[in-house]
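The next block holds one structure in the form of structure tokens; read it before the comments.
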Amino acid sequence: MDVRFSSRASTQTLFAQVYEYIWTRIQRGEWKEHEKLPSVRLLAAELNVHRLTVFKAYQLLKEEKKVYVKDKSGYYVHPGGAMPLDNLDSPIVSSYVQKSHLSEIHKVPVTYQFSYALIDPNLLPNRFFSEYVKEIFDLYPKVLSSYSTVQGDEELREALCRYFMDMHRFHLSPEDIMITSGSQQALDLLARMLVQPRDAVLIERPTYSAAIDIFRQLGAQLIPVEIHPNGYDLDQVEAYMKRYKPRLFYLNPTYHNPTGYTVPAEQRKQLVELAERYRCFVIEDDPFRDMYFESEPPPPLFSYSVEGYVVYIRSFSKYVAPGLRIAAVCLHPSLVSHFFTVKSLADNGSPLLNQKIFLHYFSSSRMQQHIEKLRTALNVRKTIMEEELSATAWRWNSPAGGLNLWVKLPESLSMEALLAKSIEQSISFVPGSICDPLKETKSWLRLSYSYISEKQLREGTKLLISMASELAGTVE
């Protein structure tokens, strides 16, 4: 039997996973309106859980009017899918409660933007780029008349190959690199390439919310792996690999999104060894590597890869020019042709102009000067937010790099109420449950300190704290 859910997990965790499994398949349209759902007995056997766990999930779906019951016949899909929540007028809060989609939060214009894990445009070399683009047209007069190859511009791949070999001692050639339109496209394509419906996928808890959506859309069964300030419980990781035989483990080990944690070097090597032993692919997402504040982070897992089970995604978009949408994917030669196929179906190649602009800026001394100044600016912003938060009883681990703080609030404080009140005051943040595959992380939130000015950062943090205090007083 293809075991999906761990019998060692808590009843609440199993219940949440079964609920999410049923609801996700309904949302994807795999089970249509008025279609009969699998019986409690069949679904319990399929998922290797107790029948009572499945029954409880069905009962909650029935209460939420997502399914209905026919006497002596079973459960059926309710027409209309998710029902609106009458007491939540804000679409952003409704989305948070019902879907947990980060994109809905980003749609709302606010003054104090703590939900964007992006860098303040004023910190990027905008004027330099505007002048620099003219040089690109002189160097490549036909750049707008040409498509890039599907694999990516050869000149750029050669430059990145030299960079990875010099900086991280990667063993690869330019032919082992694919250029994508940002890291999210890379992850989406890799997931399509590697994952089939009902494949087990290990994923950090919490994690990058888009990754949750990507794997769920493909019908994968998500197996959460807790990430801590000192990394993972490797005994747990090995037990999961042995038990579930997962297709892949998606991780973001350097200045992790959303927690800011960094997995230590010794664990990275051990993770690669486990992946090779159990034939589990590792997708290493590394968008924040250059955003360290003091010392450089440990080498990527890809540096330890021998048998080709590690796939490395390196995005440069956030701190160079987000509009260029440039990421590199490093793969074992045996995977390149498969990735080539899914990439060609997606867009037949990322824009050549973007790649040429990035290539010449990436190779310049101006780039290193920019990165050094950016590190200083981000560290100052992190310090400002931490100074303001220090007046509270909230908890967080100060990250050594990256763009986010992962903050624990009192459990008595309603995250839905805080989110709704924050939007009224033109503040946005990311509720922790959006980053949780089980949607149970209710008292955590992610605050990004990188997108707004130092003045706005201080004002917005003070205002957020004040609103939380008011709500806490109301609760008490």
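The values are calculated or read from the model by the stated rules, or taken from the named source; none is laboratory data. No experiment lies behind these values; they were computed from the predicted model shown. Note: ideal-geometry Cβ built from the backbone for every residue, glycine included; neighbour counts use all protein chains shown.
The residue of segment 80-98 that is modelled with the highest pLDDT, among those that are within 22 Å of residue 216 (Cα to Cα) and surrounded by fewer than 15 Cβ atoms within 10 Å (Cβ to Cβ), is 80.
Has segment 431-446 got any residue that is in a strand (DSSP E or B), crowded, with 18+ Cβ neighbours inside 10 Å and either at pLDDT below 95 or in the same structural domain as residue 293 (by TED's automatic domain parsing) (or both)? Yes - at least one qualifying residue is present in segment 431-446.
Restricting to segment 297-326, and then to whatever is hydroxyl-bearing (Ser, Thr, Tyr) and within 30 Å of residue 136 (Cα to Cα), can you tell me which residue is nearest to the chain's Cα centre (by Cα)? Top of the filtered list is 315. Considering the conditions (1) assigned to a helix (DSSP H, G or I); (2) over 24 Å from residue 337 (Cα atoms), residue 211 is excluded by exactly one of them, (2).
Applying the set (1) under 21 Å from residue 307 (Cβ atoms); (2) of a type outside the set (S, T, N, Q); (3) within 26 Å of the chain's Cα centre (by Cα) to residue 197 leaves exactly one unmet item: (1).
Number of residues in segment 314-366 that are touching a Gly at 6+ places or on another chain (Cβ under 8 Å), surrounded by fewer than 21 Cβ atoms within 10 Å (Cβ to Cβ) and hydrophobic (A, V, I, L, M, F, W, C) equals 1. Here residue 132 meets each of (1) under 30 Å from residue 402 (Cβ atoms); (2) in a loop (DSSP other than H, G, I, E, B) with one exception, condition (2). Note on segment 344-376: residues that are within 15 Å of residue 181 (Cα to Cα) and either at pLDDT 95 or above or not in a helix (DSSP H, G or I) (or both) total 5. Taking the criterion of being assigned to a loop (DSSP other than H, G, I, E, B), more than 25 Å from the chain's Cα centre (by Cα) and surrounded by 19 or more Cβ atoms within 10 Å (Cβ to Cβ), the only residue of segment 151-171 that qualifies is 153. Per the conditions (1) over 18 Å from residue 255 (Cβ atoms); (2) out of contact with any Pro (no Cβ under 6 Å at 6 or more places or on another chain), the sole criterion not satisfied by residue 379 is (1).
Residue 392 fulfils the conditions (1) assigned to a loop (DSSP other than H, G, I, E, B); (2) of a type outside the set (Lys, Arg); (3) within 24 Å of residue 213 (Cβ to Cβ) except for a single criterion, (3).
Here is a check on your reading of the model: is residue 278 hydroxyl-bearing (Ser, Thr, Tyr) and closer than 23 Å to residue 168 by Cβ? So residue 278 does not fit the description; no. Here no strands (runs of 3 or more DSSP E) wholly within segment 257-339 include at least 2 residues being more than 27 Å from residue 358 (Cα to Cα) and of a type in the set (Phe, Trp, Tyr).
Inside segment 234-261, residues that are buried (at least 22 other Cβ atoms within 10 Å of the Cβ) and more than 14 Å from residue 199 (Cβ to Cβ) make up a count of 12. Whether a residue is surrounded by 15 or more Cβ atoms within 10 Å (Cβ to Cβ), at pLDDT 95 or above and in the same structural domain as residue 246 (by TED's automatic domain parsing) was assessed, and residue 176 passes this test. When residue 186 is tested against the conditions (1) under 26 Å from residue 306 (Cβ atoms); (2) among the small types (Gly, Ala, Ser); (3) over 13 Å from the mean Cα position of the chain (by Cα), the lone failure is (3). Considering 206, 229, the condition of being at negative phi and surrounded by fewer than 23 Cβ atoms within 10 Å (Cβ to Cβ) is satisfied by 229 alone.
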